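Structure, as structure tokens:
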Amino acid sequence: MNGRQPGNRHPSLQILHAGVLYFALVFGAGFVLGTIRTLWIVPSLGTRKAELMEAPIMFVAIVLAARWVGGRPGLQLSRFESLAAGVFALALLLLTEFTVMLWIRGLTVADYLAGRDPVAGMVYVAMLAVFAFMPILLAGQIGERSHKSR
């Protein structure tokens, strides 16, 4: 044991830790749902309907992941740090999507954007914003819950 309490880590490390954890949880959910969507739902209903059906489920996954990460005992983040963690997680998500996922599919960024359905694409962009800002949106609620439980 090094004598340091988990909550006494440098704020930058807490932001990175929270951002990576948040990214991993939401990316994992999106990967599973994207596989289900692509293999089973798109062939029957089409891309637009499949992506629009996935969005509310991803919203729930985002909320649950943000609540879980924000409520972890070793991660007491300020509102600014919560925002930074969400933006960092978004950067990780976009980096992953525009490198690994596009490389696997053999697309350029321009091809990827041109191939998006306009309606589902706008919902996707909105969900990216929700993903980035959810940690700060829930930061006050998580803090209130932890103070009430003491």
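The values are calculated or read from the model by the stated rules, or taken from the named source; none is laboratory data. As the structure is a prediction and not an experimental result, all values here were calculated from the model. Counting neighbours? That spans all protein chains shown, and the Cβs are built from the backbone with ideal geometry, glycine included.
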Any chance Gly74 is in contact (Cβ under 8 Å) with a residue 24 or more places away in the chain and not in a helix (DSSP H, G or I): yes
Among Ser78, Ser44, which is the only one that is within 26 Å of Ile136 (Cβ to Cβ) and of a type in the set (S, T, N, Q)? Ser78
Could you please let me know if Leu90 is within 18 Å of Phe133 (Cβ to Cβ) and part of a helix (DSSP H, G or I)? yes
So which residues in region 97-136 are touching a residue at least 24 places away in the same chain (Cβ under 8 Å) and more than 13 Å from the chain's Cα centre (by Cα)? Asp117, Val119, Ala120, Val123
When you scan region 83-102, do you find a residue that is charged (D, E, K, R) and in contact with a helix residue (DSSP H, G or I) (Cβ under 8 Å, 6 or more places away or on another chain), even just one? no
Leu77 vs. criteria at pLDDT 95 or above, farther than 18 Å from Tyr124 by Cα, surrounded by 14 or more Cβ atoms within 10 Å (Cβ to Cβ) and of a type outside the set (Lys, Arg): no
Surrounded by fewer than 16 Cβ atoms within 10 Å (Cβ to Cβ), among the aliphatic types (A, V, I, L, M), closer than 21 Å to Gly19 by Cβ and over 13 Å from the mean Cα position of the chain (by Cα), is that true of Val63? no
Can you confirm whether Val26 is under 15 Å from Leu137 (Cα atoms), within 13 Å of the chain's Cα centre (by Cα) and in contact (Cβ under 8 Å) with a residue 40 or more places away in the chain? no
Among the residues in region 31-44, are any more than 14 Å from the chain's Cα centre (by Cα), surrounded by 15 or more Cβ atoms within 10 Å (Cβ to Cβ), more than 21 Å from Ala126 (Cβ to Cβ) and free of Cβ contacts under 8 Å to residues at least 60 places away in the same chain? no
Is it true that some residue in region 22-44 is within 30 Å of His10 (Cα to Cα), assigned to a helix (DSSP H, G or I) and touching a Gly at 6+ places or on another chain (Cβ under 9 Å)? yes
